[in-house]
Amino acid sequence: MPVPAPGERDLRLDLFRGLALWLIFLDHIPSNILNWITIRNYGFSDATEIFVFISGYTAAFVYGRAMRERGVVVASARILKRTWQIYVAHVFLFAIYMAEISYVAATFENPLYGEEMGIFDFLRQPDITLVQALLLKFKPANMDVLPLYIVLLAGFPPMLWILVRAPAAALGASLLLYLLTWNFGWNLPAYPSGYWVFNPFAWQLLFVFGAWCGLGGAKRLAALIESPITFVVAVLYLVFACAIALTWYIPGLDHFVPKWLEDWMYPIDKTNLDVLRFAHFMALAVVTVRLVPQQWTFLNSLWLRPAILCGQHSLEIFCLGVFLSFAGHFAMVEINEGIAMQIAVSVLGIVAMVATAALISWYKRVEGRSPGSRPGPPGAPTL
Amino acid sequence: MRLLAAALACALIGGGAFAKDTEGCIIAAGAVTPDFALPHVAAAIAKKRLDVVVIGSASSELTGPSGSNIAYPTRLAVALGNLLPGVAVKVATYAQARETAGEMERKLSRIAVQSKPALVVWQTGTADAIRGVDPDDFRLALEDGVDSLRAGGADTVFMNMQYSPRTETMLAVDAYGDAMRMVALQQEVVLFDRLAIMKRWNEAGVFDLYAATRKTDVAEQVHDCLGRLLAKVVVEAAKLTSAYKKDIP
């Protein structure tokens, strides 16, 4: 991925982050026919990888410049301020989740689902549950990505300091932490039991790798990325992953996977960012960079504008997407769960995300012009 | 707006059409066939005496209005009796609410030794998802459980979670369902995919799984259909054991 000249924003980053946000939204609506178009059904990795990598890339791009120009303290303070904003956003989402789950707990009853009603037990102990949620140990379903970001960003200032001075050493340290995590099974504890769904000690590898690329690493890899051999290997791997993924969904196909391959391959560990997933993301990146050059004029077309807008306001749109997936599923349960409704909910959700992103851009422009306020930093906010 | 109108129209047309007949659910369940054989069950059928143990959590229990037991294990016993005339079928249930796979696993070898069943139906996953048990620990508990049942001379059938549309966004069961499928594949254990079957029923409109109700009629029908499908899978899996094929009707 060629590095953009300083000040010039690589629209591809916004585009693919915006698309990842849409896919995450769709994936978070259960029993939705449009889930079938998302990439997790056709390979090992999913939109989370794209999102974490691009977030690392843009974080390093924006805060790396701040660190060079304004020093370690200012850059670190800005990163930690961003971390705080994401924490507040997470708590806000948790409040919405509590509202929904409390409503369902009060209104839904069915003897068939006596066991499933057990998830409402935590409402009886708000003293413990709320504190555990504020400590990021109690995380409802589908609310695991923001806590991962909070930890990744909180640990980012020292990592960025090393990245700016000795990129290779930083990448090496990140890889070492990943390997040690796999070796010793490190992870953060969760409540009421178990561990974090996205292990930050493992997922940091993708974030730091993104950051490394954002600080010029991509240029160093250019020869490797652009080599036809790499491209062919990447395509072959994507085809292999797609074939394996199809055996998960089409009954009977799993008998064609040799036992030795199954034993070696499974489980493909999402929690700890399985190396197969990492490699799958890398292959996708290699193919994407080849097919979508930075100077591609279509990037400026109106057709891609909605996704790019969403990608430029990723924190707000991510949170909105999580909320909309709750709300959309709620509407499906309360009104109708048919295919027409699934499509309506999905399309309306994405329209709402785009409209909100456009509104935020408009606010930024208006506030940037008004007297007394400072224009925002050249790079739009990063997650 | 037009889409929303279409959606509402769908709701009005589809809403009342829940099948009352008893065969509808079996047909709508699609192809429910075992992937592996059950040799101990086949041997037991040949000896005209089949002892089954169901171990599970709250979704293996259901009490009817008159206090009668109408859960799928009871229906399984009846259905097996119908499918296997002349064979003495006994189904014992050990269902404990909120029990995780790990907690059940610790009881399995004792159950295998005490009741000497030919088959253990192991229903699990939901309690683990509610408590957020590490999916790796869940997987290891399943593997250990299958090992100890094998050592005790029993076949195993896994039964995964129920499909529960109301709680889908609140309860992440996928990781546990995937772990179960994987262990079933690697250990050559029959998986009774309750989750997929109930999803198909929901899509086909066989049962209204969304209704908020205190009545047990739908729950009773669901359990009856699950029990009959499970019996069908058990008998078919026994037939896959070639040595005993001739003894099974």
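If the condition is being among the charged types (D, E, K, R), in contact (Cβ under 8 Å) with a residue 60 or more places away in the chain and either under 16 Å from residue A:270 (Cα atoms) or out of contact with any strand residue (DSSP E or B) (no Cβ under 8 Å at 6 or more places or on another chain) (or both), then the stretch B:134-191 contributes only B:188.
Here the stretch B:19-29 is the region considered, the condition is being crowded, with 16+ Cβ neighbours inside 10 Å and part of a loop (DSSP other than H, G, I, E, B), and the residue that is modelled with the highest pLDDT is B:29. Of the residues making up the stretch A:188-215, those that are among the small types (Gly, Ala, Ser) and in contact with a helix residue (DSSP H, G or I) (Cβ under 7 Å, 6 or more places away or on another chain) are A:193, A:202, A:210, A:211, A:214. Of all residues in the stretch A:140-167, none that is polar (S, T, N, Q) has its Cβ atom under 6 Å from the Cβ atom of a residue that is in a helix (DSSP H, G or I), 6 or more apart or on another chain. If you take the residues in the stretch A:28-56 that are over 18 Å from residue A:198 (Cβ atoms) and among the aromatic types (Phe, Trp, Tyr), which one is surrounded by the most Cβ atoms within 10 Å (Cβ to Cβ)? If we take residues in the stretch A:28-56 being over 18 Å from residue A:198 (Cβ atoms) and among the aromatic types (Phe, Trp, Tyr), then A:42 is surrounded by the most Cβ atoms within 10 Å (Cβ to Cβ).
Just checking, which of B:102, B:67 is in contact (Cβ under 8 Å) with a residue 24 or more places away in the chain and within 14 Å of chain A (Cβ to nearest Cβ)? Steps first, answer last, please.
Values: B:67 fails: in contact (Cβ under 8 Å) with a residue 24 or more places away in the chain.
Criteria check complete, one pass: B:102.
When residues in the stretch A:109-154 are screened for being of a type in the set (Phe, Trp, Tyr) and buried (at least 20 other Cβ atoms within 10 Å of the Cβ), 3 of them pass. Taking the stated definitions as given, is residue A:127 in contact (Cβ under 8 Å) with a residue 40 or more places away in the chain and among the acidic types (Asp, Glu)? Spelling it out, it is not the case that residue A:127 is in contact (Cβ under 8 Å) with a residue 40 or more places away in the chain and among the acidic types (Asp, Glu). Within the stretch B:163-214, the set of residues being touching a Gly at 6+ places or on another chain (Cβ under 6 Å) and facing chain A (nearest Cβ under 10 Å) comprises just one member, B:205. Scanning the stretch A:127-154 for residues that are assigned to a helix (DSSP H, G or I) and either in contact with a helix residue (DSSP H, G or I) (Cβ under 9 Å, 6 or more places away or on another chain) or under 25 Å from residue B:125 (Cα atoms) (or both) yields a count of 16.
Sub-7 Å Cβ pairs linking a first residue in the stretch A:243-259 that is under 16 Å from residue B:188 (Cβ atoms) to a second residue that is surrounded by 14 or more Cβ atoms within 10 Å (Cβ to Cβ), at least 6 apart or interchain, are A:254/A:247; A:254/B:185; A:257/A:244; A:257/A:247, ordered by first then second residue.
Within the stretch A:260-283, the set of residues being free of Cβ contacts under 8 Å to residues at least 40 places away in the same chain and more than 14 Å from chain B (Cβ to nearest Cβ) comprises just one member, A:275.
Here's the yes/no breakdown for (1) within 11 Å of the chain's Cα centre (by Cα); (2) crowded, with 17+ Cβ neighbours inside 10 Å; (3) at pLDDT 95 or above; (4) more than 27 Å from residue A:333 (Cβ to Cβ):
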site: B:192; (1), (2), (3), (4): yes, yes, yes, no
site: B:197; (1), (2), (3), (4): yes, yes, yes, no
site: B:207; (1), (2), (3), (4): no, yes, no, no
site: B:212; (1), (2), (3), (4): no, no, no, no
site: B:223; (1), (2), (3), (4): yes, yes, yes, no
site: B:235; (1), (2), (3), (4): no, yes, yes, yes
site: B:244; (1), (2), (3), (4): no, yes, no, yes
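The values are calculated or read from the model by the stated rules, or taken from the named source; none is laboratory data. Just so it is clear, the model here is predicted, and its values are computed rather than measured. Note: ideal-geometry Cβ built from the backbone for every residue, glycine included; neighbour counts use all protein chains shown.
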